[in-house]
Amino acid sequence: MNTITLQALASFPDQLEAHFHAFPPGLAHWAPDDWEGIPSERLTAIEQVCHVRDIEIDGYHVRFERTLAEVNPVLASIDTDALARDRAYGRDDAAKALVRFRQARAKTMDLLGGLSDAQLARTAVFEGYGPLTLRSLVHYLCSHDQQHLAGLQWLLGRIAAKP
């Protein structure tokens, strides 16, 4: 795996927490009237944090494990809206969600640090993405991280645009 991707993954928990704490008091649940242009899913700041936590655990941990253990598995996409609704993201505790995400990302980094080139080359099919390798999944996880930082910045921009 290339160094820049691993560094980005390792530094993301700090970036996520800093972005979340950039929200003014009382606005972690703020939603705009119009979501047009948001570069991530249509989630409030607290919902973004919960989503990243759950996709790490229920999405990427499972995808990595299945790609390593099975022959060319079909990896499911996760319905963000259903997850947010069913797990009541809007009522979740941000501090606990951030701690749980840090723990999950540490597990991810431990796994990735020990993979061989042969393991990184293992194949799967990811719904919505098509055929890929485990190395591809690592890049998609990194991209997912960046998408949610962009979503948080977008929300901050919409808040700052309010008179």
Can you pull the Rg over Rh of the stretch 59-146, Cα-only, Kirkwood?
1.00
Please report, in debye to the nearest 20, how large the charge dipole of the chain is about its Cα centre when each Lys and Arg carries +1 at its beta carbon and each Asp and Glu carries -1 there.
280
Once amide H atoms are built 1.01 Å from N in the peptide plane, which residues 5 or more positions from Phe126, or in another chain, come under 5 Å H to H?
Leu75, Leu132
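Tell me the carbon and sulfur percent of the accessible area for the chain, rounded to whole percent, probe radius 1.4 Å.
Details: 4300 of 8200 Å².
Within the chain, the accessible surface is 52 percent carbon and sulfur.
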For Rg/Rh (Cα atoms, Kirkwood Rh), with candidates [x] 0.93; [y] 1.02; [z] 0.99, the value calculated from the shown model is option [z]
Kindly provide the Kirkwood hydrodynamic radius of the stretch 97-163 in Å, to one decimal, from all pairs of distinct alpha carbon atoms.
14.3
Measure of compaction for the stretch 65-110 (Cα Rg per 2.2 N^0.38 Å):
1.51
Å² per residue, accessible surface of the chain at 1.4 Å:
50
Could you work out the local net charge near Gln147, counting Lys and Arg as +1, Asp and Glu as -1, over the other residues with Cβ closer than 13 Å to its Cβ?
-1
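The values are calculated or read from the model by the stated rules, or taken from the named source; none is laboratory data. Just so we're clear, the structure is a prediction, and the values are computed from it rather than from any experiment. Cβ atoms come from the backbone with ideal geometry, glycine included; neighbour counts cover every protein chain shown. When the accessible area is computed, the model is the full protein with side chains, heavy atoms only, and any ligands, DNA or RNA have been set aside. Shrake-Rupley method; radii C 1.70, N 1.55, O 1.52, S 1.80 Å.
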